[in-house]
2 protein chains.
Amino acid sequence: MVGHRVSFAGGTSRGVVLDLIRTRGPISRVALAELTGLTQATMSTVVRQLLDEGLILETGRGESTGGKPPVMVDIDPYSRFAVGVQLGRESITYVAIDLSGAIVGRTRTPGVGSTEPAEMVGRLAAEIDRTLAGLDIAKRSVLGVGVVAPGPLDLAHGAILRSPHLSAWSNVPIRDMLSTALGLPVLLDNDATAAAIGDFWSGRLDGVTAHATVYMGTGIGAGILIDGIVFRGASSNAGELGQVLAAADDGGPVVLEDVAAPSAVVERARSTASCARWGLTGLDEFDDFRRIALAAAHGDAEAGALIEFSAGHLAAGVLTLANLFDLDSITLAGPGFGVAGPTYVTAISRRLETDLFARMRHGVRVRLSPDVANAAAIGGAALVMQHELAPRTMGLSSLVAR
Amino acid sequence: MVGHRVSFAGGTSRGVVLDLIRTRGPISRVALAELTGLTQATMSTVVRQLLDEGLILETGRGESTGGKPPVMVDIDPYSRFAVGVQLGRESITYVAIDLSGAIVGRTRTPGVGSTEPAEMVGRLAAEIDRTLAGLDIAKRSVLGVGVVAPGPLDLAHGAILRSPHLSAWSNVPIRDMLSTALGLPVLLDNDATAAAIGDFWSGRLDGVTAHATVYMGTGIGAGILIDGIVFRGASSNAGELGQVLAAADDGGPVVLEDVAAPSAVVERARSTASCARWGLTGLDEFDDFRRIALAAAHGDAEAGALIEFSAGHLAAGVLTLANLFDLDSITLAGPGFGVAGPTYVTAISRRLETDLFARMRHGVRVRLSPDVANAAAIGGAALVMQHELAPRTMGLSSLVAR
DNA sequence: GGATCTTTCTTAGGCTGCTTTATTAAGCAT
DNA sequence: ATGCTTAATAAAGCAGCCTAAGAAAGATCC
């Protein structure tokens, strides 16, 4: 590494260093220099800047290795906060996280329903302000708000393109509206991508190269990260795992979403005689799905078969995803994994162990999100953290106009 | 773009500018500055450097738009060359390309067969030297040699990991051996990735964000490019399209390669009564496959059905690939598309038009490689060009040790 | 307990690739 | 010819990295 320049595009080194301190801290300047390839002198100034900004703290001395013991630095978790909002049909989840990615507060309000966008934005802003006040978080230490919605979005304009349950929101510039209402930066992204960034920001993906967070909500999506950078594809629609082809009962081709998603499981359950036993209401697909999963967990064989059916198909889809992206890490998140999560983890792990193309070369770590229900909201907040503190994009196209 | 610094990591701007001149040239310095976001002053010095290196030429005046007419610059195609070598079982293809990516020479020798690696390296070096001499190309204008092989490779050590037909080559450091024998830089990569880079270098992917070159040889693979950068995944095994799950006749799950690859088509053909009519030899799968494809092209319904069967399955696999990566461009290359290429293009286009998730937002350009048989070898040479003249890698991990 | 060694961290000065600003060059319009 | 517009270069400055050198703080040896 002598004589050759190490350069992170566009002042990214600050963000890389912050990432390392977050995931590996407490850590010394020397260790950071070794990890990044930057010189100790450069690291000294980068760390100085982070200290001046109040993002990190000197936490004490490390072990001496025969000379001066190093001064360790670590994240100051309470120096900055971010808010994540998940727009759902039945409910809206608000989450505040600190710089380490840990939840410091959570609220839930009734869903969007048929509320007009303009009014809803006002309510969102009020609820966010209230939540922050209740947590005693000064607004100037809040980096921004990340709004998470399902379905195809128009990221360029910060709007929802079309969503089954939020049809009135089509092409409404919700991002900018909320930003002016709040006086804070606002980002919009989809649930799977956000959940993936949440996994990354929490430090759980240290050492991972190619990761996917499989998000099962109304649909099934995957947020894909390469070295912690979101993979978006040509139109930000990458990772549409629900659209992978699956084998239907009758041999005909179907899309994964139609056989493995919670709604599909519930629908299959209803054509069953045992339907009544599980107390399905037909009102809330997630609630019904949870009842089936609970029955399965309590040993109900028929319910177990329904879940296994879904898990088997999802495992096949994830196998394809893992083969095509050559993944080395997968996280499962979203309400669909609320009760039956472990069953899905097992099914996917098994399938990958036997059928992954690269299984001789490396394994794939499959894990359940530590907070499946709030993963997307947490991720929304993490998205803001990453955007404000450690911005990074993939490729060069952003720099070539047209 | 005022006041804010535009930076391409690690001196990449030279490469970006060269890419633009190659694909959009002849072009003026001012136009290049606008496209890259760099200032005219910077562009002046970057272009000066490229002129000094002899990579580009001033080709004359452009149209005045009310003031001084711009001086146009363009690639000097014959200033540099690169060699691509495709290691095949039956034959080895050698290709020399110029800086524009055009073929300037091609040779074919008998395949590797059971030749010992050490001896084979000597033969390769001799044949490359001979080819270059025959084309009157000075060795100092040759940037290097790109060797292309099928199957899983160990890119870090420049060796073939395991290959059905090249078993004696396992873990032989062919890259370094050939490099010392030739006194030129040598790169090793797989056929699909190389073919994709070849497409990019030729300028055919101008304006494309997410591209895949589907390569059908013995197996089926995809080389994936994001903004012209190879997507490799955790262990350089990304894009294993042949491993995507497909629906078998009996409803059971099979892998795409087993139903759509040429060998699979030939095998199905042999269980047919019409087998004899097509004159299948059973010696060379590609030759047999070509016979079937030719029969299909001449209106043989049964042969046509076999090809359509393969194309239909491949189209399903490509649909999954396109959905997961959100592609906007696909090229088909490799010997498998030799005769029946157009049939495959049609099948894939149709499928994407009807079933692509993002079809309302953007189309996917599906095209046949202009030289299906030599695409991998050409790509090998292009790989060297890109590596030597416009190096680029994805993500930041390369800069963070361990 | 002091001298020396090792390791950590900072300072100083320099290079590179970019920026901004200013100047020269070369055409069009009147 | 005179000015106006666009193209290209020149000059000076800044930012992010580097190398080199030194200061700080403990470990080790006698």
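Is it the case that A:ARG291 is crowded, with 16+ Cβ neighbours inside 10 Å and assigned to a helix (DSSP H, G or I)? In short, yes.
Conditions (1) at pLDDT 95 or above; (2) under 30 Å from B:ILE160 (Cα atoms); (3) within 14 Å of chain B (Cβ to nearest Cβ), marked per residue:
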residue	(1), (2), (3)
A:LEU368	yes, no, no
A:HIS387	no, no, no
A:GLY395	no, yes, yes
A:ARG402	no, no, yes
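For region A:225-236, a residue qualifies if it is at the interface with chain B (Cβ under 7 Å from one of its Cβ atoms) and more than 11 Å from B:ALA210 (Cα to Cα), and the qualifying residues are A:ILE226, A:ASP227, A:ILE229. With respect to being free of Cβ contacts under 8 Å to residues at least 60 places away in the same chain, more than 12 Å from the chain's Cα centre (by Cα) and either under 16 Å from B:VAL318 (Cβ atoms) or in the same structural domain as B:GLY88 (by TED's automatic domain parsing) (or both), B:ASP258 falls outside the description.
Checking each residue in region B:331-368 for being part of a loop (DSSP other than H, G, I, E, B) and either more than 24 Å from B:PHE309 (Cβ to Cβ) or touching a Leu at 6+ places or on another chain (Cβ under 6 Å) (or both) picks out B:VAL339, B:PHE357, B:ALA358, B:ARG359, B:MET360, B:ARG361, B:HIS362, B:GLY363, B:VAL364. Scanning region B:22-76 for residues that are acidic (Asp, Glu), within 12 Å of DNA strand C (Cβ to nearest atom) and within 22 Å of B:PHE200 (Cα to Cα) gives a single hit, B:GLU34.
Every test in (1) within 27 Å of A:VAL364 (Cα to Cα); (2) without any contact (Cβ under 8 Å) to a residue 40 or more places away in the chain is passed by A:GLY198 save one, and that test is (2). A:ASP227 fulfils the conditions (1) among the acidic types (Asp, Glu); (2) closer than 24 Å to B:PHE325 by Cα; (3) surrounded by 23 or more Cβ atoms within 10 Å (Cβ to Cβ) except for a single criterion, (3). Exactly one residue out of A:ARG204, A:ARG140 is surrounded by fewer than 24 Cβ atoms within 10 Å (Cβ to Cβ), of a type in the set (Lys, Arg), out of contact with any Ser or Thr (no Cβ under 9 Å at 6 or more places or on another chain) and away from every other protein chain (no Cβ under 14 Å), and it is A:ARG140. Just one of the numbered conditions (1) surrounded by 22 or more Cβ atoms within 10 Å (Cβ to Cβ); (2) farther than 16 Å from A:ILE378 by Cβ is not true of A:SER163: (1). Just one of the listed residues (A:GLY113, A:GLY84, A:GLY62) is at positive phi and more than 10 Å from DNA strand D (Cβ to nearest atom), and it is A:GLY113. Just checking, which of A:ARG175, A:ARG130 is in a helix (DSSP H, G or I), in contact with a strand residue (DSSP E or B) (Cβ under 6 Å, 6 or more places away or on another chain) and closer than 18 Å to A:THR93 by Cα? Every option except A:ARG175 fails the conditions. A single entry from A:LEU306, A:LEU319 fulfils the requirement of being in a helix (DSSP H, G or I) and within 12 Å of another protein chain (Cβ to nearest Cβ): A:LEU319. Is there a residue in region A:60-67 that is farther than 30 Å from A:ASP287 by Cα and touching a residue at least 12 places away in the same chain (Cβ under 8 Å)? Checking region A:60-67: at least one residue is farther than 30 Å from A:ASP287 by Cα and touching a residue at least 12 places away in the same chain (Cβ under 8 Å).
For residues in region B:30-45 being within 13 Å of DNA strand D (Cβ to nearest atom) and buried (at least 20 other Cβ atoms within 10 Å of the Cβ), which is modelled with the lowest pLDDT? The qualifying residue modelled with the lowest pLDDT is B:LEU38.
Out of everything in region B:345-370 that is under 18 Å from the mean Cα position of the chain (by Cα) and not β-branched (Val, Ile, Thr), what residue ends up being farthest from A:LEU225 (Cα to Cα)? Top of the filtered list is B:PRO370. Of the residues making up region A:261-299, those that are closer than 24 Å to A:GLY111 by Cβ and either basic (Lys, Arg) or touching a strand residue (DSSP E or B) at 6+ places or on another chain (Cβ under 9 Å) (or both) are A:ALA261, A:PRO262, A:ARG270, A:ARG290, A:ARG291.
Can you tell me which residue is farthest from DNA strand D (Cβ to nearest atom) among those in region A:87-107 that are among the charged types (D, E, K, R) and at pLDDT 95 or above? So the residue we want is A:ARG106.
Within region B:235-245, the only residue that satisfies the criterion of being at pLDDT 95 or above and more than 19 Å from B:ALA260 (Cβ to Cβ) is B:ALA238. All conditions but one from (1) surrounded by fewer than 17 Cβ atoms within 10 Å (Cβ to Cβ); (2) assigned by TED's automatic domain parsing to the domain that holds B:GLN86 apply to B:ALA382; the one that does not is (1).
Screening region A:250-268 for residues that are at negative phi and at the interface with another protein chain (Cβ under 9 Å from one of its Cβ atoms) and picking the one that is modelled with the highest pLDDT gives A:VAL255.
The values are calculated or read from the model by the stated rules, or taken from the named source; none is laboratory data. These numbers come from a predicted model, not from an experiment. Positions of Cβ are generated from backbone atoms using ideal geometry, with glycine treated the same way; all protein chains shown enter the neighbour counts.
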